[in-house]
Every structure is written in C-alpha cells, then in structure tokens.
Amino acid sequence: MTTSIKTKRAVGYLRVSSPGQTGERHSSLETQEARFQEFCQRNDSTPVATFTDVASGRRDDRAEYRRMLEYVMDGGADTVVVQFLDRFGRNPREILQRYWQLQDSGVSVVATDEDINDELLLLIKAGIAGAESRRTSERVKANMSRAVQKGVHAARAPFGLKRVYQGRETKWEIDPLEAPVLREMYRLAVEENLGYKRIGDTLTQMGYRARGGRPFASFTVQRILSNEALVGTLAYGKHPRKGNPQPEIVRVKDFFPAILSEDEWQRLQDRQTIRRETG
C-alpha cells in the first residue's frame, strides 16, 4: 500500500497596471509568474492555478481577483501567492481588507519579495505603502497605538470571534459557530485535565474542525488557549525581532468581547502552569 503525502496547494495572483509598466515594484507578468513557480518549488507546494488582472487607466474591476477568491473559498487552494502585497489593492484599506478576508477563511497569504509574516509589520507596510520617506520607529509606534484604539488591527480574527465591518469601522463579535467549540476546548482542559494533543483528538472525534476544515492539531489548541483574546484583551508586540529579543508587550483590555470570564481565564492559566511544571 502506498501512502500519499498531501502538499499545499497554491494559486498565484498576478497584476499589472498596464502591459508596459516598469519600475522596481512594477514587475512584468512573466516575472510575477516566475516568482510564483519558484516559491512553489522551494516550499513543496503544488501550483494549481494563476489569476491575472491587467488594469487599464482608472478602471480597476479586478475580475480575476474575484474569480480567484471564489476558487480558494471553495477549497481549491490553501495559499495565495503574490509578488508584493500591494497587488491586492491601491490603498492600505483595500489591501488589508482583502488580506483579512483570506486569512479569516483559513487561506494563507504569501508575498515572494517581501516579508509579511509579522502581523504588525503587515499593517505598517500597508500604511506606508508608496511613501517616499521612512518613518521613525517612534512615529510608527504612535500610529500603531492610535490604530489599535480605533479598532484597526491586522491580525486574523482570534478563534471564537469574527470581524464585522460597519462602514469604516471594525466591530468584533463572538462567532456563534466557533464559540461553543472553544467552550468545549476549555472544559476538556480545565475539567478533564487533558493535554493539547488529547484535546485536539477529542474535538476531532466529536466532529469539530479547525478553520479551513483541518483537524485540531496540538499546537493549534495551545495557541487558541493561550490567546488573551479569550478574556477580551488584545496583546501585540509579543514576537521577538532582530535586535529586540525581549519586546515590550502592549495590552488593550476590553478590545474584544470576552468569551471567558476573568475567573475562568485564571483557572485555565493555573491548569496550564501545573501541566508545564509536572510535565
């Protein structure tokens, strides 16, 4: 019997403003296609389709983008690959809304020629796209703080929550489909004292699935149960960066609607601490 190894399926989204555009960030369609194929080869991904938009003048209907979106939403691919993030739109709001839509649906987004893995870096990159001068780190920090206070944040929706757009405002609501799964996850951790792997296996056996239809892996369970969003807190700046191995964590309480009470959150943290100490 042979065992097939499932590889990631990727689609490439290519876009030019006009057939003859030039410049550092205005690569030809051939170059963008080559970057997409190179990414798939390096990352053991299967290139399943490419979608190409060519804008003409002020017209920017992105018909192929809509086709691509429908394709990946129907489960056709796990990853969308672009050369630069600005292929998604002409301004930060467009770029981020399209990025969020894909991420919230369990579809990964990769830019071959720039790093967008850091969620905060993503917002900064989108916010300063096209700027001629580079902002200082203090200016960026100030802008980020104001953005957070206004409800603008680049992270994908935490499990159990969903993002709702109301005009120019972003509102967070408890997801009626995911919240019960999270409550069961909490019960298995606190009342049944199960580890992350057994929690994931139990949820999968019960018919629950993580985003994207995947079974709950142990690291997924750990990430969900460690997220302060469960108690309504947004925490950012958690990931070390080069030259700053111990970053300052900024917390904004009551940013999200809380799924767990403060007492429940503390019980969960106590239980996780005990498991770490006892192995």
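The values are calculated or read from the model by the stated rules, or taken from the named source; none is laboratory data. Just so it is clear, the structure is predicted and the values come from calculations on it, not from any experiment. We place every Cβ from the backbone using ideal geometry, glycine too, and count neighbours over all the protein chains shown.
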Just one of THR233, THR220 is out of contact with any His (no Cβ under 9 Å at 6 or more places or on another chain), of a type in the set (Ser, Thr, Tyr) and either at pLDDT 90 or above or farther than 30 Å from ARG93 by Cα (or both); which is it?
THR220
Filter result for ALA258 (touching an Asp or Glu at 6+ places or on another chain (Cβ under 6 Å) and either modelled with pLDDT of 75 or more or under 26 Å from ARG163 (Cα atoms) (or both))
no
Mind checking which residues of segment 185-200 are of a type outside the set (Lys, Arg) and either within 12 Å of GLU264 (Cα to Cα) or in contact with a Leu (Cβ under 7 Å, 6 or more places away or on another chain) (or both)?
MET185, TYR186, LEU188, ALA189, VAL190, GLU191, LEU194, ILE199
Residues in segment 122-145: is at least one modelled with pLDDT of 85 or more and either not aliphatic (A, V, I, L, M) or not assigned by TED's automatic domain parsing to the domain that holds ALA210 (or both)?
no
Inside segment 72-113, can you point out the residues that are in contact with a Phe, Trp or Tyr (Cβ under 8 Å, 6 or more places away or on another chain) and over 22 Å from GLU30 (Cα atoms)?
GLU94, ILE95, GLN97, ARG98, TYR99
Can you pull out the residues in segment 17-35 that are under 26 Å from the mean Cα position of the chain (by Cα) and at pLDDT below 85?
ARG25, HIS26, SER27
Exactly one of ARG223, ARG209 is among the basic types (Lys, Arg) and in a helix (DSSP H, G or I), and that one is ARG223
